[in-house]
Amino acid sequence: MLLSQVARAVADVTATGSRKDKSARLAAALREAGPGEQAVVVSFLAGETRQRRTGLGPRSLTDLPSPAATSTLTVADADDAFAATAAATGPGSGARRLYLLRHLMARATEPEQRLLAGLVTGELRQGAARGVLVEAVAAAAAGVTAAAVRRALTLDGDLVRVAETALTGGAEGLAGVRLHPGRPLAPMLAASAPDLDAALERTGPAGVEWKLDGVRVQLHRWQTAGEEPLVGVWTRSLDDVTDRLPEVTALLRALPARDCVLDGEVVALDGEDIRSARPLPFQQTAARVARHGSGPGPDRLPLATVLFDVLHLDGEDLLDAPAHHRRAVLETLAGAHAVPRTEVDPADPAEREAAGAFVADGLARGHEGVVVKALGAPYAAGRRGAAWVKVKPRLTLDLVVLAAEWGHGRRTGTLSNLHLGARDPHGRYGEPGGHVMLGKTFKGLTDAMLGWQTERLTALATGGTPWRVDVRPELVVEVAFDGVQVSPRYPAGMALRFARVVRHRPDKDAAGADTVEDLETVRGW
């Protein structure tokens with residue numbers, strides 16, 4: 001198959017806004033692929049190479065040769081070239097990769113060069129979401145439904161491998177797809193509700209679990225006869241962090257199971273027991289997970305592993321089992337590490353009251369909120385539905401605007417990004433009675449709010465720069481946020497997470513705004 005056929009399909013998909021037309025064009029391209037080419041074509045249509053790391057990037061695309069006049073490249077030629085760049089190592093490997101890329105580009109026409117450049121940068125942006133490509137695979141494969149492709153993708157997790165199975169093996173091939181420990185799959189996601197009652201209206205009888213402010217992880221253990229067990233740990237985005245989390249791998253190796261797949265979180269705590277310890281700021285957990293190395297030590301923050309689901313155990317897939325059964329299996333397998341939980345029948349007033357107390361207890365201990373999980377629901381990997389519903393209280397503070405930055409794009413001409421400060425009455429971070437900056441936000445602002453605040457802040461201006469206007473600290477805004485994180489950027493060493501403006505408070509005097517001490521009480525700092 002010529003690469004030009006893929007480039008043409010990508011151009012066609014980019015040009016249409018119709019999901020149906022996108023799917024039909026992608027399906028046509030998949031049908032044109034010959035034996036052994038489907039995996040490459042699916043990868044390219046998805047905007048990526050089969051080799052996750054090629055050693056190439058945007059800088060590799062400078063000083064490229066002029067495009068060829070005639071299409072001669074095949075998809076196999078392009079795949080071979082990317083495989084060669086990925087394999088290049090050692091001294092001179094950078095120059096070798098550039099040579100291979102330029103040789104490939106010299107043979108490519110202008111549309112093919114655009115396609116290849118998009119694959120190199122990972123920014124093909126052809127407008128075909130993963131779901132559209134799933135529908136295209138189903139349309140291109142004989143006797144295959146989109147539901148069957150999605151189901152196989154849930155179990156396998158690799159779109160290219162699933163597409164190749166569908167195109168070569170049809171419905172029978174997809175029916176044989178199983179969850180394999182060692183191959184991560186997309187995690188189940190939760191919808192949102194404003195409070196516990198609203199969540200229970202969606203789920204009915206449910207388990208209510210603390211929602212931790214940690215990093216989501218998927219834990220795999222597998223082994224073959226006579227060999228030591230292998231273990232793997234992946235994040236929500238399916239990044240392999242096995243080597244960074246020796247505490248987790250030690251737990252996996254100690255489990256009384258031959259093979260298993262577990263869902264959970266790692267979180268930094270100020271103690272050892274999740275039921276009594278408080279979570280440390282999320283930033284500390286995230287930094288520890290992101291850090292390469294051998295694991296905990298004098299300068300390494302230990303992480304607790306908290307589990308909330310089991311997807312596979314000793315050869316049996318449990319995704320279709322009801323949630324209450326999976327919980328029972330989890331408690332038998334690793335009960336000491338199971339997330340605190342209570343069960344509630346919404347029709348029972350006493351159980352609703354007990355669940356409310358359970359929620360309040362979790363919040364008092366510094367956790368984000370709760371996740372309400374329908375007792376009879378299966379594990380819907382990669383999907384967000386009504387079976388899991390997260391409830392997080394909205395944290396708000398009344399803060400003072402210290403400055404604002406001029407907007408860009410459609411916000412050009414308006415003061416958009418607000419510099420937010422809390423009162424510092426005791427002068428812990430400056431002059432007594434002053435303000436300490438806690439971050440910036442441009443989120444939550446409607447066009448009407450932008451117009452009003454631009455007029456108001458312009459009247460309060462005291463100076464600034466061409467891109468920023470400093471103002472008298474008089475305008476109060478109500479700001480919602482998800483938590484507090486450590487930040488050496490700001491004087492108090494704290495910053496708001498995911499701050500967004502709820503409303504302006506011109507009715508409130510700046511002297512009545514919240515203080516830095518108010519912020520410190522949010523998570524028990």
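The values are calculated or read from the model by the stated rules, or taken from the named source; none is laboratory data. Every value quoted in this text rests on a predicted model; they were computed, and no experiment measured them. All Cβ positions, glycine included, derive from the backbone under ideal geometry; neighbour counts span all protein chains shown. Just the protein is used for accessible areas: all its heavy atoms, side chains included, with ligands, DNA and RNA removed. Shrake-Rupley method; radii C 1.70, N 1.55, O 1.52, S 1.80 Å.
Among the residues of segment 149-197, the ones that are open to solvent by 40 Å² or more (accessible area, probe 1.4 Å) and over 21 Å from A46 (Cα atoms) come to 10 in all. All of G315, G376 fail the test of being open to solvent by 30 Å² or more (accessible area, probe 1.4 Å) and out of contact with any strand residue (DSSP E or B) (no Cβ under 9 Å at 6 or more places or on another chain), apart from G315. A single entry from L133, L115, L104 fulfils the requirement of being open to solvent by less than 50 Å² (accessible area, probe 1.4 Å), within 19 Å of V10 (Cβ to Cβ), touching an Asp or Glu at 6+ places or on another chain (Cβ under 8 Å) and assigned to a helix (DSSP H, G or I): L104. Quick one: in segment 1-38, which of the residues that are small (G, A, S) and assigned to a loop (DSSP other than H, G, I, E, B) is surrounded by the fewest Cβ atoms within 10 Å (Cβ to Cβ)? Out of the qualifying residues, it is G17. In the set A336, A355, A286, only one residue is under 24 Å from the mean Cα position of the chain (by Cα) and either free of Cβ contacts under 8 Å to residues at least 12 places away in the same chain or assigned to a helix (DSSP H, G or I) (or both); that residue is A286. Among the conditions (1) at pLDDT 95 or above; (2) not hydroxyl-bearing (S, T, Y); (3) not in a strand (DSSP E or B), E272 misses just one, which is (1).
I'm trying to understand the selection: among the residues of segment 151-185, which are in contact (Cβ under 8 Å) with a residue 60 or more places away in the chain and under 15 Å from D320 (Cα atoms)? Reasoning before the result, please.
Applying the first criterion (in contact (Cβ under 8 Å) with a residue 60 or more places away in the chain) to segment 151-185 yields 153-155, 157, 159-161, 163-164, 167-168, 178-179, 181, 185.
Across segment 151-185, the qualifying residues are L153, T154, L155, R178, L179, L185.
Under 8 Å between Cβ atoms, at least 6 apart or on separate chains: pull out the pairs that start in segment 453-478 with a residue that is of a type in the set (K, R) and end on any residue that is open to solvent by 70 Å² or more (accessible area, probe 1.4 Å) and in a strand (DSSP E or B). Short answer, once both residue conditions are applied: R468/W406; R472/T462.
Where in segment 390-444 are there strands (runs of 3 or more DSSP E), lying fully within it, with 2 or more residues that are touching a helix residue (DSSP H, G or I) at 6+ places or on another chain (Cβ under 6 Å)? Working first, answer last.
On the way: elements: 395-406, 415-424, 434-441.
Those strands (runs of 3 or more DSSP E) span 395-406, 415-424.
Residues that are small (G, A, S), exposed (fewer than 13 other Cβ atoms within 10 Å of the Cβ) and not in a helix (DSSP H, G or I) within segment 65-101 comprise S66, A69, G90, G92, listed in sequence order. From (1) under 26 Å from the mean Cα position of the chain (by Cα); (2) open to solvent by 60 Å² or more (accessible area, probe 1.4 Å); (3) modelled with pLDDT of 90 or more; (4) among the charged types (D, E, K, R), pick out the condition that doesn't hold for R456. All conditions are met except number (1). In segment 44-64, the qualifying residues are those that are in contact with an Asp or Glu (Cβ under 9 Å, 6 or more places away or on another chain) and at pLDDT 90 or above, and the one that is least open to solvent (accessible area, probe 1.4 Å) is F44. Entry remark, segment 392-444: residues being of a type in the set (D, E, K, R) and crowded, with 22+ Cβ neighbours inside 10 Å number 1 in total.
If only residues of segment 320-349 that are open to solvent by less than 30 Å² (accessible area, probe 1.4 Å) and among the β-branched types (V, I, T) are counted, the one that is nearest to V266 (Cα to Cα) is V339. Does R253 count as part of a helix (DSSP H, G or I), in contact with a Lys or Arg (Cβ under 9 Å, 6 or more places away or on another chain) and open to solvent by 10 Å² or more (accessible area, probe 1.4 Å)? Yes, satisfied.
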